[in-house]
Amino acid sequence: MFARVIIDLSLDKGFDYNIPSHLADDIRVGTQVVVPFGRSLRRGYVLLIGEDRDSGFPDRKDIDSICGRHSYIPEPLVKLGRWMADYYCCSREQAIRTLLPRAVRSGKVQHRTIKFFSLTDVAAAEQYIMERGEKKRYAVRVAILKTLLLNKELTADALLALSEGGSDAILNSMVKENLLAVEKKIHRRDPFGEVEILPSAALEPTSEQRAALDLIRRMTDSGEGPHTLLLFGVTGSGKTEVYLQAIARAIEQGKEAIVLVPEISLTPQTVRRFRARFGNLVSVLHSALTEGERFDEWSKVNDGLVKIVVGARSALFAPFRNLGLIIVDEEHESSYKQDEAPRYHARDVAVMRGLMEKAVVILGSATPSFESYTNALNGKYALAELKQRAENCVMPVMTVIDNRIGTRDEGKSSLLSKMLVNAVNLRLSLGEQTILFMNRRGYARQMMCEMCGYIAECNDCSIAYTYHRKKQILSCHLCGNVIPAHEVCPKCAAPEIRYSGVGTERVEATARALFRDARIVRMDSDTMRKSSDYDEVLDRFKRGEIDILIGTQMIAKGLHFPNVTLVGILNADQGLFIPDFRAGEKTFQLITQVAGRAGRGEVPGEVIVQSFNPEHDAIKFAVNYDFTSFYEYDMEVRTVLKYPPEGHLIAVHFRSESLEDAAQCALQFHDALRPLEHPDMLMTEPAPAPIERIKGKYRYQILIRGHRLRQLREHLRQLVLHGQRPNNVDVYIDVDAQSTM
């Protein structure tokens, strides 16, 4: 027998090794092994096991050893990894690495073990205490035994604390005297901490929820027709309750479930809701965990100790053996797309894993991606709609305020309109809460000199610095460069510099000036440094300790606070005019999602949308909650230009510190791809990317869109992984790109 092994070197090539007889029973597809490679031993994964038909391989080496039980990838996941490598044009090693957390893959992290001590003979211990209790040299032993009589079992650390810094010798001597028994136990690190979760019971489903659950049951039981369901439900319609009850049924059938959320910041809230329903059957997997926590949580799944995993993208690869359900919440979110190889989309890979393992996949959203909605319309996906909010709540009423000159309050420019200010004051007087949304952090978008026209731009990126007033810095939001804010123009030394554009920091300053007695908190990536900051603010908001919450898109989704009755959306159109085909779709989604935070309790909600382009169709359709009309409107252009979902989009990117080398390499690729052009596709000429320079590297790109792109994709994969190109040019392929930026 032989095994084909990929080495962790991104060679995109398998190497054959003999399987020694003493390892034959333990090696299978997905096993992590140690093999001789060159002059060293390296780790690798078994992709295939075969049997030689002849003995003509005398030089083939033997597998050295197996890495351990925690490094085994279930065979269906290995198959999924091979598909990802082919589809997303990355090496097989890159795809397989994605399937395992680094803590598991490296073998450097293991379970923590703790020594536990218990009494072997209670009567003997009591006799020991009576006989020696008066003697000082036995005081520590007596204290330990008394504590054990009360607690039955204690860790070594707890017992040593009683001895006031004593050594293990005390405990060891008591073991020898047969007073104590010692046992090593696995101690799993707990990412949930000591948070107390109150159990919750299933709610009585609405008629729409019941119809969705019946459809899921039929999909699960029959195994026929679509295996993917689009759950299209307005904000506050109870999609999560559908998830919970669908999972409960899957568990009753002995199956397991994965729940994906788009951002790590949403994970703690989601985990709390699922643990309240399912207790310790829930595990969590995401990149914010420590290496030890990720190892322990993954091991709990691998060892069959849990039935549900909640997390961001990487949770999709939880090593369940009997997967029955995958849920992708807020499936439209672009954060499900990974921005480094393999550049996979977790939603699409979830659909593929469900297909391979015969699991039902639920895609949930109030604003579905055009791709998922199209698949539902053409029958590729099943469709269930929740058109009404749960608990008799109504959708908030949206009003659009025109921010253009000539229509502003008293003809003056104001960040918060008079109508919005009055609405906030009313909520403050009623003890209700307000959310103010601005999808840009910082104080101002750019610094400009009014005398010479100089604009402060990042030296490494082709964008303007953002001004942060509190820290008096200019920051590049692409590469992270930071410089002190200029007091005079660095070009002409004029003091007439001004800062234009608006960010959340300026919104906060304005709100504090207008609402002096209000309790105001800003939530963006400048103020939320770790997930615990996010949880702390949301807990305070839930308890009513914050009156006005100001933030970016991290407050736009997944939040349920019944006392929020007003949402103000500032500069609603700021994302409409970037050179990207999804600009209108993203604007529609943001307005709808942010608006959905209002009116989730007994008091109806109100949403005020401020815009410089109130007649834009994306805004008009959003304020009327008319997704269908917006979809039909936007699809007209996409159909003509073959943009998704009318066609697939592949972006080929070229990056180099030399503009000429990036352009030349792009031209060579374009020439190599021309023979594969056909009438069902469009391929652009090589051109600079909309943001031409990031982190000191110039960027060129080729965009390919249309149908029947498989042959071209395979050719691209060979060119990137195995072709010749200048060493100073990075080339990468983004299949099903979410943006053309």
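The values are calculated or read from the model by the stated rules, or taken from the named source; none is laboratory data. In this text, all values refer to a predicted model and were calculated from it rather than measured experimentally. Every residue, glycine as well, gets a Cβ built from its backbone with ideal geometry; the counts of neighbours run over all protein chains shown.
Go through (1) in a loop (DSSP other than H, G, I, E, B); (2) buried (at least 20 other Cβ atoms within 10 Å of the Cβ); (3) of a type outside the set (V, I, T) one by one and return the number of the condition G568 breaks.
Among (1) in a loop (DSSP other than H, G, I, E, B); (2) buried (at least 20 other Cβ atoms within 10 Å of the Cβ); (3) of a type outside the set (V, I, T), the lone unmet condition for G568 is (1).
In the range 682-699, which residues are of a type in the set (K, R) and part of a strand (DSSP E or B)?
R693, K697, R699
Given the conditions (1) within 29 Å of D190 (Cα to Cα); (2) modelled with pLDDT under 95; (3) part of a loop (DSSP other than H, G, I, E, B), report the number of the one that A341 does not fulfil.
(1)
Considering the range 700-727 alone, what residues qualify as being touching a Cys at 6+ places or on another chain (Cβ under 9 Å) and not in a helix (DSSP H, G or I)?
Y700, R725, P726
Given (1) out of contact with any strand residue (DSSP E or B) (no Cβ under 9 Å at 6 or more places or on another chain); (2) surrounded by fewer than 21 Cβ atoms within 10 Å (Cβ to Cβ); (3) aliphatic (A, V, I, L, M); (4) in a helix (DSSP H, G or I), identify the lone condition not met by V349.
The one condition V349 does not meet is (2).
Could you list all residues from the range 316-338 that are at pLDDT 95 or above and not in a loop (DSSP other than H, G, I, E, B)?
Passing the criteria: L316, F317, L323, G324, L325, I326, I327, V328, D329, Y336, K337.
Results for (1) on the phi > 0 side of the Ramachandran plot; (2) outside any helix (DSSP H, G or I); (3) not hydrophobic (A, V, I, L, M, F, W, C), shown as yes or no for each residue.
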| site | (1), (2), (3) |
| --- | --- |
| G225 | yes, yes, yes |
| F232 | no, yes, no |
| T240 | no, no, yes |
| A246 | no, no, no |
| S265 | no, no, yes |
| T270 | no, no, yes |
| A276 | no, no, no |
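Taking the options V652, V603, V594, name whichever one is crowded, with 16+ Cβ neighbours inside 10 Å, β-branched (V, I, T) and assigned by TED's automatic domain parsing to the domain that holds P726.
Exactly one of V652, V603, V594 is crowded, with 16+ Cβ neighbours inside 10 Å, β-branched (V, I, T) and assigned by TED's automatic domain parsing to the domain that holds P726, namely V652.
Output the number of the condition that A518 fails; it satisfies all remaining conditions of (1) within 21 Å of the chain's Cα centre (by Cα); (2) in a loop (DSSP other than H, G, I, E, B); (3) not β-branched (V, I, T).
Among (1) within 21 Å of the chain's Cα centre (by Cα); (2) in a loop (DSSP other than H, G, I, E, B); (3) not β-branched (V, I, T), A518 violates only (1).
Looking at I483, I555, I497, which one is modelled with pLDDT under 95, more than 25 Å from L415 (Cβ to Cβ) and surrounded by 13 or more Cβ atoms within 10 Å (Cβ to Cβ)?
I483
So Y128 fits all but one of (1) touching a residue at least 60 places away in the same chain (Cβ under 8 Å); (2) surrounded by 15 or more Cβ atoms within 10 Å (Cβ to Cβ); what number is the exception?
(1)
Which one of these is farther than 25 Å from L426 by Cα and either in the same structural domain as S335 (by TED's automatic domain parsing) or surrounded by fewer than 17 Cβ atoms within 10 Å (Cβ to Cβ) (or both): R529, R582, R540?
Checking each option against the conditions leaves just R529.
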